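No lab work stands behind these numbers, since they all come straight from the coordinates. Just so it is clear, the structure is predicted and the values come from calculations on it, not from any experiment. Cβ sites come from the backbone with ideal geometry, for glycine too, and all protein chains shown count toward neighbours.
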């Protein structure tokens with residue numbers, strides 16, 4: 001029991017979640033009968049979360065960002081226990097607010113007062129508990145004059161204020177919040193901020209899911225970036241902000257598609273698998289000066305079995321400029337080589353977006369076995385702004401007299 | 001669905017609030033308000049009484065036929081309300097289920113409890129009619145709570161089953177409406193079981209295997225008249241006579257298991 005405080009608040013390990021999406025309307029018996037005869041189960045499976053792992057320390061304020069449909073809300077619902085994972089583990093140490101959205105369970109036909117008690121019950125408070133807190137809640141929401149009006153006559157801002165005032169009463173160790181701060185005027189947002197700060201002081205763990213980066217930078221200690229159901233980055237809010245900004249510009253992050261339009265060659269030796277990562281972690285986001293590994297796995301046809309080959313790479317930046325073109329000509333590969341790695345220690349590539357062309361070349365003819373144009377893409381990020389294509393590391397300013 | 005959880009303070013508080021909300025909302029905006037939960041079965045009673053007792057004279061030979069009929073209608077009304085509201089509970093609270101993790105059975109139970117409260121109010125009306133009709137109470141009246149509980153458990157079991165099915169198949173609501181109609185006529189509510197016995201005793205015995213028929217007849221026996229036929233009066237083999245009671249127990253066990261198994265996926269399917 002001694003190391004209970006050392007325990008993380010939430011452990012997520014190898015989490016997978018997919019949904020069955022009906023291809024046709026699937027909420028009728030007729031469809032079931034029809035589908036039985038068709039031997040078609042009438043749905044497609046969509047992977048929403050794919051192998052996500054992370055820990056959240058006690059007392060941490062964690063932001064989860066991602067674009068719409070990236071899987072961040074699904075992740076939150078898995079944390080809240082609303083969904084059941086397909087595979088993997090969600091372990092929560094401590095009590096957790098069941099809310100993931102403000103104002104859930106509000107009934108527009110009830111008055112503000114009645115809704116306070118109903119919402120309180122969802123948080124686990126009895127009538128007496130709520131009666132005790134009632135004045136504080138109303139005070140905080142600044143809605144004294146409106147409590148006996150039906151909720152349907154409230155503005156959306158008023159509703160959120162009331163919901164927030166109730167939700168912060170929850171006595172749980174871990175709070176999950178999905179898109180809260182979007183509503184409310186500047187004054188109320190300031191109030192929220194001070195509430196969050198005091199919650200942090202109390203040592204409570206808060207998880208904020210949003211697509212508004214400014215809130216993450218304002219409040220969070222750490223941020224996760226989710227993209228296409230994968231954990232793309234687990235980093236500082238500042239770096240997450242950069243990554244997230246890029247995500248919104250660039251659709252594809254790691255694209256290892258088998259698109260024949262950007263691929264040609266004799267086919268004696270072909271690229272089977274490609275990946276880019278740093279030796280420490282997966283993912284295609286790198287810090288400036290981080291090590292970069294590009295792994296290439298090859299497949300050889302009968303004609304290519306005994307042939308020597310070279311591998312060439314070309315790095316393009318976001319403007320399409322070739323910034324580097326390393327080539328293995330000084331080290332020829334032979335018939336026993338199937339897995340090649342290009343290791344770039346302390347990469348000098350400036351912050352920005354890059355694409356990589358990979359080519360396997362016949363050294364005899366200089367013709368490609370497999371030429372894969374813009375096969376990989378990755379990002380380099382940095383806390384410092386960067387100018388130009390080259391980082392002039394050794395440049396020194398001095399007076400020349 | 002551990003028993004300790006069902007009665008935990010947190011869940012009791014939530015259940016209470018949901019039931020209160022349901023009551024507040026149900027008759028909101030109507031002039032007569034709560035009176036409607038009394039008026040509806042009384043009106044239905046008036047219609048059925050005129051048609052079946054006055055015009056068709058079905059109540060001939062039954063002591064206190066008006067009370068007898070009213071009790072049957074009130075119990076049947078509870079059964080329809082509990083099962084229909086319970087069935088819709090999960091789907092109509094989809095917004096809540098998608099956003100909050102809480103024990104799902106609470107909303108099904110809250111739907112049936114609202115119906116139960118209506119039922120208890122209506123039972124009070126039945127007692128008033130009993131006094132007006134000069135019904136003599138026997139010691140058997142003490143058994144009434146047992147049948148009320150059995151009726152509630154039956155309603156709850158079917159509500160659990162239907163609510164879980166309704167998430168997947170929206171046809172269930174229409175199918176259930178039709179089944180309710182059929183069961184209404186297959187249950188001796190407006191006609192006396194003695195009429196069926198005259199035609200075919202075997203048929204009467206089969207009808208009594210239906211727990212609803214058993215409960216209504218038992219309840220009538222306990223508080224209205226000892227002349228009515230109960231399942232034990234009709235069937236002398238104890239084991240066969242126990243079938244409707246056993247069915248209720250099996251049903252609640254199976255329905256709870258089925259509901260529990262499926263509730264994990266309500267949030268994504270609803």
When Cβ neighbours within 10 Å are restricted to other protein chains, what is their mean count per residue of peptide B:13-19?
6
Given the options B:182, B:88, B:139, which has the most mean-square fluctuation in a GNM of chain B, springs set between C-alpha atoms less than 10 angstrom apart?
B:139
FRET E, pair residue A:400, residue A:318, Förster distance 35 Å, beta-carbon r, rounded to 0.05:
0.50
Of the peptides A:287-295, A:272-280, how do they stack up when ordered by the mean number of other Cβ atoms within 10 Å, highest first?
A:287-295, A:272-280
What whole-number distance in Å separates the alpha-carbon centres of the range B:70-121 and the range A:137-167?
29
Label residue A:127 and residue A:195 with points 7 Å out from Cα along Cα→Cβ: what is the distance between them in nm?
2.6
Between the modelled labels at residue A:367 and residue A:107 (7 Å from Cα along Cα→Cβ) the distance in nm is 7.8
In nm, the gap between the two label points placed 7 Å beyond Cα toward Cβ at residue B:125 and residue B:149 is 2.7
Mean Cβ-within-10 Å packing, highest first, puts peptides A:45-53, A:298-306 in the order A:45-53, A:298-306
List the residues of the range A:349-385 whose backbone N lies under 18 Å from a point placed 7 Å from the Cα of residue A:291 along the Cα-to-Cβ direction.
A:349
Going by average Cβ density within 10 Å per residue, which order do the peptides B:42-53, A:236-247 take, highest to lowest?
A:236-247, B:42-53
For a Förster distance of 41 Å, can you work out the FRET efficiency between the beta-carbons of residue A:390 and residue A:53, rounded to the nearest 0.05?
0.65
Shape of chain A from its Cα gyration tensor (a ≥ b ≥ c, root eigenvalues): rounded if a/c is under 1.5, otherwise prolate when a/b > b/c, or oblate?
prolate
Looking only at other chains, what is the average number of their beta-carbon atoms within 10 angstrom of each beta-carbon in A:109-118?
3
Förster radius 35 Å - calculated FRET efficiency between residue A:275 and residue A:19 (Cβ-Cβ, nearest 0.05)
0.80
What are the semi-axes of the equivalent ellipsoid of the range B:14-269, taken as the square roots of 5 times the eigenvalues of the Cα gyration tensor, listed largest first and rounded to whole Å?
33, 22, 16
Only Cα pairs within less than 10 Å get springs; with that Gaussian network setup on chain B, which residue of B:126, B:108, B:146 has the largest fluctuation?
B:146
Note: A:123-129 gets an average of partner chain Cβ contacts (10 Å, Cβ to Cβ) equal to 4
